[in-house]
Structures are given as C-alpha cells and as structure tokens.
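Worksheet for the structure shown next.
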Amino acid sequence: MNWLPIALLGVPLLGATLLLIPATAQGRFLRAYGLAASGITLALAVLLAATWEYGGPPLPQATVDLPWIPALGLRFHLGVDGISLPLVVLTALLTFLCFAYLCWGDARQPGQLLSGVRPRALVFTLLVLEVGMIGTFLALDLLLFFVFFEVVLIPMYFVIAIWGGPGRRAAATKFILYTLLGSVVLLLGLLIIWAQTGTLDIVALAQSHGAGMPRSVQILAFVAIGIGLAVKTPMWPLHTWLPDAHTEAPTVGSVLLAGVLLKMGTYGFARIAIPILPEGAAVVAPWLGAFAVVGIIYGALACLAQRDLKRMIAYSSVGHMGFVLLGFATLTTVGINGALFGNVAHGLITGLLFFLAGGIKERYKTADMPALGGGMLVRFPHLGALLTFACVASLGLPGLAGFWGEMLALLGSFDPAEGLSRPLYLAFMAIAGLGALLTAAYFLVMLSRVTHGRPSPRPTLAGVGGGGERGLSSAPEPASEAVLDARDARGYELVAWVPLVVLILLFGLWPKALLALTTPVVESLLGVSL
C-alpha cells in the first residue's frame, strides 16, 4: 500500500498543523486530540506490518517516489524494508504510549504536564517530533533523511527546555549544540557522496556498494557520517550531552529520547554508512569497535557511581549502544543483525525503565536512590516488580529481549568479516563480556538499594496519591504507615507499561520475529549472495 508512508507522516503532521489554528481548547480536548492522532498513526503502522510481504525480496516496500526539487534532481522518496519496519512500529507505539501516560494520567493527577505550562504547545511538539522520527526511518533519499534527522532536534529541545527539571535550560542547550555540530559533519559526508556519485538515492547507492567512489573518498565520507551519527547514538566520548538531557527531561521526553532518537543514529550506520561506503567501513570498523567497547566499560562504571536513578539509566544507554556499535563494527550478518535487534530491544526496555523512573519520582518526589530508602517491593509491590523485570531484561537475562542483541554482537566479534583482525575482535569480545558482567553488577546494586530491604523511616512519604501538597516529610512517622494511602501502579500507568513488558517477553522468547525481517536485508546490503 503505497499510501501508507504518506499517511504515517500526514496524520501527525496534520494533527500538529490544526493546533496552530487559534482556538480555546480545554485540557480534556487536548488529551483526546493527542491520543487520537498518535493512535491513528499507530494503527497505520500496525496495518503496514500486517500487510507486509514477508519472505519477499529484500527491497523497500510501500514506496513513494515523487519529484521534490527537480532543479537539483531531488526526490521525495519514501519506503520501508525489514530494517526500518520494526523501528517505524516502535516509534508509533512509544509515541502513543507516551500520550496515554501523559493524557490519562494527567486527567487524574492535577499539576502534570497537560494541566500545566502550555498544554497545546506540548501536544504540538510531540506530534512534530513523531513526524521527524518516523520520517527518518522512511526516507530513501540522503537529503530527505538529513531533513527528517534534523526535524526532531527543535521539538526535543523544547520538550527538555520548557517541561524539564530545574536544570532544563542548560541540558537542552547542551543537547542542541552537540547534535547540531554533529549534523554539520554528517551533512558534509552526505555531500561528499553526492559529489562523487551524482545521486542521493539511498537504494541505488546501496546496490552499487560504493562503485565510483575511490577508497580514500569512502574513508573520508565514512568518518564524517560516522561522527555525525555517533553524536546522536551516542558513542563515547561524544555522549556527554545524554545524562543531563535524560535527567532533566520529563518522563515522556526521556522515553522518546532513549527509545527512538538514539536509534536514529545507529539506524544511519545500517542504512547509509556501511552499505554505501563498504571500503570506508572496512578501514574504520576496528576504530568503531574500539570506541564501542570503551563505551561499554565506561557506561557500566559510570552507572556504578550514580546516585540519581534517571542518570544511571542514561549512562546504561551508553553501554547498551556500545554493544549495538560493536555489532556494526563486525561487518557480518550476525553482528549487524545483533545490532538491529539490540536497537529495538533497547527501545522497549529503556523506554520501560524511564516510564518506571518517572512513576517512582512522582511518588517519592526524588530520583536519588539513597533517599528512596529501599523496600519498594514492600511499599509498592507492583511497581517494584516491574522495575525488577525491566532491570533483569536490560542486563541481558536469557529469555528476554535484551539478551539477543548482546549475544549476537559478541558472536559476530568472535568471527568478524574477512579482512578484519580476528585477535583484535576477540579482545573486543572479551572486553564487552566484562562489560556485560558490570552491567549485571550495577543493576543488581540498584535493585538492592531501591527494591529490597525494609522501608526506611526517613524520608517518609506524605500525601502520595491524595489531595493537597505532595512531597517528602521529615516526620519520624514510619514509612510503612506514611504510605498507607499511596497507590501502587495505577491503571493508566499499566496501560503504558504492560505492552512493553509483553513485547520484551515476545522478542526474548521468539527472536525470529525480528531476525526474519532483518536478515535478508542485511545480507543484501553487505553484498552476500542469497
């Protein structure tokens, strides 16, 4: 159905445009409006997946190819293949769940985002953000990819700067400066490809496998594109904007930032850098692998040193994205499949973690782990159980989605592509394996601090789930009595969280659901005979 890509972009874009019409809208209308627009987009994404030609040739389906700027030979070229389809559905799902969490929760919790500052602007911003995220995964033209890649920056900046925490302005400024500087370098690399080949068509460039571009040009273009993508991923040492952005962003901002925006960087390696610049990829791959394993170890050690729950989850993303980059660095079908699987798994698991962190911060009015006092499984058994589930999924427990991406990345490192140093990649595998152990360590330490033990008398909770002021009380009243009126996981929270739990279990127990989609396309992009 060739109209589906246009509809996937058109529904949220139309929804955002209509909000520009001056009108008086109550919070109830805005809640229903945002939920409806994102719900229709999700339905279209599910329809796209349902009508997908599974087992067909590894070519984009549901393509749209229209003249865009004829004088420059630019085309509005959209399409979906086995690499982009899971990410399109993931984007639509997370956006809908964010609206469900935000809107239904806001109706019951006065003082939340849609009852607070500029509710119309928030719905508008999230819909524009969805247009940019989905467009990035649909684009089959290099310049169109770049346009959508950049569209997401401004709305995410405002999500952090307006609706974030006390340090929101500094965090938003750091985010926009890093990503814009990375985008300049990315654009340079894309222009080098255009100058050498005379085309911006991603499908044609991928099928040519670098034909017409000298090796030195491919290396230069790969480095430029790689740096631009690495900022968004983010790869160590270009990651320093991420912890501040996550710490200060509201819950929905953190979910979309971790669940989708980081995937735009890693997606670019699979869609553009590796298939279009194979000789450049072969030269730079060992360096990419080295930065990846440093990021894995650095992210794990940084997590062990954190007190703030959201900041710890943010640093964990540096480590998990390190596994994704390591998979790409192997230049093998197994490794790249692991990277693509890890992309989707990280979006589901870390999205769930940030939802849970938001729920914890709402109840305790802090994300400082020592201040939480432990005993969450006693105070909030369902919330504590969900947090435990998300953590063990993130540390890579077999049977859950987080396991397969890391395992396949390590397996790809065991036998890298021809021309890459096997002893070097075996060293990468050993270091990444140590990082996996450290990942288990920091999550288990966090769970021992937050969910286990007996609830601490101080700080005690006051007024959680009830009327009036909600916050921390220094009264010596035992915590177990102070939270008697507090509600565990609420209905609207479970609506947002349970679908992620189900998908984490589904892909953990049935990895073929994703691998059957990505494998043919990866083999085609690498030039493997099918």
Quiz prompt | Solvent-accessible area per residue for the chain (1.4 angstrom probe, square angstrom) | solution = 36 Å²
Exercise. Could you work out how far apart the two model spin labels at ALA427 and GLU523 are, taking each label as a point 7 Å from the Cα in the direction of the beta carbon, and quote it in nm?
Key: 3.4 nm
Quiz item: For MET376, what is the net charge nearby, where nearby means another residue's Cβ is under 12 Å from its Cβ and Lys, Arg count +1, Asp, Glu -1?
Solution: +3
Practice problem: For an R0 of 25 angstrom, estimate the FRET efficiency from the Cβ-Cβ distance between ASP415 and HIS209 and round to the nearest 0.05. | Solution: 0.70
Quiz item: Out of these labelled values of semi-axes √(5λ) of the Cα gyration tensor in Å, [x] 38, 27, 19; [y] 40, 37, 27; [z] 67, 25, 23, which was calculated from the coordinates shown here?
Solution: [x]
Quiz item: For q = 0.26 Å⁻¹, what log10 I(q)/I(0) does region 269-326 give under the Debye formula with an equal point scatterer on each alpha carbon and no solvent?
Solution: -0.93
Quiz item: Want the number for ASN2 to HIS382: 0.36 nm per residue separation, take away the alpha-carbon distance, what's left?
Solution: 132.5 nm
Quiz item: How high is the FRET efficiency from HIS452 to ALA71, r the C-beta distance, R0 51 Å, rounded to 0.05?
Solution: 0.20
Exercise. Calculate what fraction, in whole %, of the accessible area of the chain sits on carbon and sulfur atoms when a 1.4 Å probe is rolled over the protein chains.
Key: 68 percent
Quiz item: Distance in nm between label sites at ALA32 and ALA305, each 7 Å beyond Cα in the beta-carbon direction?
Solution: 5.2 nm
Quiz item: Which length gain, in nm to one decimal place, applies between ALA516 and LEU434 when the Cα-Cα distance is subtracted from 0.36 nm times their residue separation?
Solution: 26.6 nm
Quiz item: Label THR17 and LEU180 with points 7 Å out from Cα along Cα→Cβ: what is the distance between them in nm?
Solution: 2.7 nm
Exercise. Give the calculated FRET efficiency between VAL46 and LEU509 to the nearest 0.05, with a Förster radius of 22 Å applied to their Cβ-Cβ distance.
Key: 0.60
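The values are calculated or read from the model by the stated rules, or taken from the named source; none is laboratory data. Being a predicted model, the structure only gives us computed values, none of them experimental. As a convention, Cβ positions derive from the backbone with ideal geometry for all residues, glycine included, and neighbour counts pool all protein chains shown. Only protein heavy atoms, including side chains, enter the accessible area calculation; ligands, DNA and RNA are left aside. Shrake-Rupley method; radii C 1.70, N 1.55, O 1.52, S 1.80 Å.
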